[in-house]
Structure formats: structure tokens, C-alpha cells
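The values are calculated or read from the model by the stated rules, or taken from the named source; none is laboratory data. The model shown is predicted, which means the values in this text are computed figures rather than measured ones. Here the Cβ is made from the backbone with ideal geometry for all residues, glycine too, and neighbour counts use every protein chain on show. With ligands, DNA and RNA removed, areas are computed over all heavy atoms of the protein, side chains included. Shrake-Rupley method; radii C 1.70, N 1.55, O 1.52, S 1.80 Å.
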Amino acid sequence: PPIPPSPPPHNMLAPLSRSRPGLCHVGCLPAVAAVAAVAAVALCSATLLPTGPRAVSTAIHAPAVNGRAVSCFAESGGVGMDIKRRHFVGGVGVSSLAPLNMAALSLSQPRGAEASLLTAQQPVSDPRELLRDALPINNKPIRKIQKEIFTKVTEAVRVPNVKMSEVQDAITQSQKVLAKSKDEILKDVIGDSERKDAKMALAEIEKKLQEFQTIVDTKDKQEIPIKQQEILKLVENVERDMVGKFPFKVPAEYDAKPLLLGRATIEMKVTCKQSTQTKGGIMKIVVDGYNAPVTSGNFVDLVTRKFYDGMPVQRSDGFVVQSGDPGNKQTGFIDPQDKQLRTVPLEIMVQGEKAPLYESTMDDAGLMKSLPVLPFNAFGTLAMARSEFEPNSASSQFFFLLKESELTPSGTNVLDGRYSVFGYIVEGKELLKEVKQGDTIEYMKVIDGSKNLKNGYTESVVAPVENLA
């Protein structure tokens, strides 16, 4: 049930006018409640404002309780607005903030029926599957194979004894698709060399499916997820070769900003000073410019400038890991060319739309029943921090989500549709659990996809980054 509202604290700021019923800010603790004998999840979300002296607060603050900041409020539902662009002027509830440790527990309503907490099928939390789903393609046969191998097999191995019949069905259905629709798959592949590669990949998928059949016949449970991933990797290669030119035109007002017209892979090395389990390591992140070109371009440009190298982790509270505050008055990146704070708009690709929604949350745009293409489903979801009432205030501060979709399924949390997701950790996400405030980002570097960056940093043209206090 919704958390009951508490009396307003005495030092409240301007209320959050678009809050959802029963939304309550407490310490960062996920909660689980029973609803009609089915475990429903009280979702944990954060007021992810930039850290630093100019941060804008939209929460309602109360004195600390047992050393923790606590604040609660209850508001009527937000007003849906039939717009796709919105400009915010001025700040509401401006105050100086230390790095935030506030988080919200919300039992908000799902955005769509497929996101229901009561459905038997678990929401997708695998970052690579989320990225496959987000590719701008529409080839039904290859998508059919993808879903058979990922969804059915994943559900089958979720139970202790493995449902071999489900794995068998996934293999059989995938073989039928290949036998019937191979030409239909290949016709959507762009380029002669890519089509040749895709033809070889399909032949390899057929071979892997036969090997998969042997695994089922021998009931070798340990080999099932290994073979599943081998096939999905080949499927992904074919799907990537189906993506032609960039699928939409970026609005003119953002066209001069750094843009990522495709995807990039970033390697991030972190040194852990407080963990008893590890001294640090490397994580790999896929940044998705197909669905967030402005946000992704801004981030990859900063990585190319070595902006994040040597920067400390500024928040780690069990809900998010956050960094990106360079320590200047503006708490963001100062462009060395014009000495101004560079910001990017809120940018959310909505399922079924051809281009992202800019400068407005999905709720404010009247899209309460829609779902984002890049949801906060996966542990290690990457998004930009911003001021709550200023959707265009993101600059350089980013955060990784430390929860999986059992706690934050699509459309049922207060993050989806309100913050710009632009990537996922695809390797080394276990390290994220050990990262604490004060640990160090040794470096970030682009290891693939740098050619997709437009209007980006060039050493011969742009002066080195300055930390202007």
C-alpha cells in the first residue's frame, strides 16, 4: 500500500508540484510490500540533483533523524500536458546542498500493462538485451529468434530444475524461423560486405542451435546459458548490420553540440580505497547515441577530453553511484571556448516514437502510459543528474543505478521518463557494488565507436579543459 503522508516538516521549501500520490522521501532504502498475496515492490528512487553549491533543491527537507536526512510529502498527481517541448525558466526552491543522500520510495502506477508488477514474466534486466531491443530496426524474423533465445531460455533457467521443454521450444522455433525467413532477414542488412557477414552469422547460428539441441538432449544445465549467449551475440551482430543511416534528424538547436550518431564503448577504470573485496578494476559501458544522441555526445566528448580522469566518486549510497562534479561554482563542464557552463536538454526516446522527447518529462508531455526505450531496468544503468525543476540543467554529472528491475521495472518508478538514460554497464558491473564515495575514477576512454562522435573534442582545435572556480 502507499506510504501514508506525514505532516509537513517545519522548514519545507516550495512543494514538488508534479509529485505522485504518496511519494515519500526517506533514506535510501528499498521496501517490499505484499499486495493481494503477491510480492509487489516499493520502488526506490533518488532526487538526483547535481552536487555542489549551486544545486537546486526540490525536495521538502526535515531535520535529520538518527543521523539520516528524512523528508516526506504527499501531493496530488501531476498535470499531463499535450506538448513535446517545454522550457523552464527560473529555479524553484533554491538552496545550498551538500552531496545528496535522499531517496524516494514510490508505489506509483505502471506506465503500461506490460510493465505490471503482477505479471509472471520478469522485466528485462540484462543490459545487452536492453541494448538489442533499443536498436532502430524492424526485422520481425531476427527479433523472433532474439526473443525465443533470450526470453524463453532465461525464464527456463530461472527455476532450480531448468524447464528443458522451454529451452527445446526456443530452439525449435528459432530453427523454423531460419528455415523459412533467412532471405527476409538478409534483405534488411545494409551493405554488400555486411550482408556477406550476416549470411555467415546465420549459418553459425544454425550450427549453434544444433549444438544447443545436443545440450538439451544430454540435459547439460551448465552449458545452457553459455550457448544462449553465443547465439545472442551472433544475433546482435546481424541486427547491428541492419542499422543504416542515423534514424532521425537532431533538432537544429542542438545540432552544433557534440552528438553521438551511433554507439560507443567506454572503458572505465576505478580504484577502490575502502573495499575489502577489491582494489578496483575495469568496467565497460555501451553509450547509446541512437536513442540519446545529445546526451551521449556530451558524455563521450567529456571522456575524450579526459574530463573525468582522476575525479573522485562523489556519492555512493546503496542506490546510485554518482560523479562528474569538477568542483567549480557551476558544478559542471565549462566550455573553454566561451567560458560558459555547457548543458544538455532532458532527452528521452519513447517507445513507438521516431525521435526523442526533449526538454520535458514524459509525465509533463502527457505520456504517462508510455514507456522509455532505455529504461532504468538494469543494475548499472547510466543516466545524467540534473535539477528537478530544470530539465535542461544536466552538464557533466552522471550516475549509475544500483538496483535491478525487480525493484525498478519499467514505468513503475519515479526515474523512468524523468532522467536521461543513455547507456548501460555491460562488463564488470560487479565492481560497481564495491565503489564508495571517495574512490577514484582513474580514467575513462573510448575503445570503440569514436567515429560516431560529431562536433567533438579535437586537440588541435579546442584548448585543454580548465577547472574554472
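Couple of notes before you dig in:
- R0 of 30 Å, Cβ-Cβ distance A252-K140: FRET efficiency to nearest 0.05: 0.30
- For D309, residues with placed amide H under 5 Å, excluding near neighbours: M444
- Close amide H pairs (under 5 Å, H built 1.01 Å from N) link T440 with T271, K273, V313, residues at least 5 positions away or on another chain.
- Summed over the residues of the range 286-346 and divided among them, the accessible surface reaches 26 Å² per residue at a probe radius of 1.4 Å.
- On a per residue basis, the convex hull of the C-alpha atoms belonging to the range 120-245 measures out at 99 Å³.
- Take the range 167-227 with all the other protein chains still there, run a 1.4 Å probe, and you get 59 Å² of accessible area per residue.
- Convex hull volume of the Cα atoms of the range 334-394, normalised per residue: 114 Å³.
- Cα-Cα separations in the range 259-357 greater than 19 Å, expressed as whole percent: 54 percent
- About the Cα centre, charge dipole magnitude for the range 231-336 (Lys/Arg +1, Asp/Glu -1 at Cβ), debye: 300 debye
- A dipole drawn for the range 327-423 from +1 and -1 charges on Cβ atoms has a positive end, and of T361, L382, G327 the residue lying farthest that way is G327.
- For K369, the aspartates and glutamates whose Cα comes closer than 17 Å to its Cα, not counting residues fewer than 8 places off in the same chain, are D82, E114, E353, D416.
- In a reduced charge model with +1 at each Lys and Arg Cβ and -1 at each Asp and Glu Cβ, the range 195-237 shows a dipole moment near 140 debye about its Cα centre.
- Cross-link pairs beyond the 20 Å C-alpha cut-off, checked among K152/K227; K147/K196; K176/K199; K187/K454; K279/K329; K284/K445: K147/K196; K187/K454; K279/K329
- The range 201-266 - percent of accessible surface contributed by carbon and sulfur, probe 1.4 Å: 50 percent
- Mean shadow area of the range 147-203, taken as a quarter of the surface of its Cα convex hull (nm²): 4.3 nm²
- Sites Q168 and S275 - FRET efficiency at Förster radius 56 Å, r taken between beta-carbons, to 0.05: 0.85
- Amide H contacts of G289 (H built 1.01 Å from N, under 5 Å, at least 5 apart or other chain): G262, R263, A264
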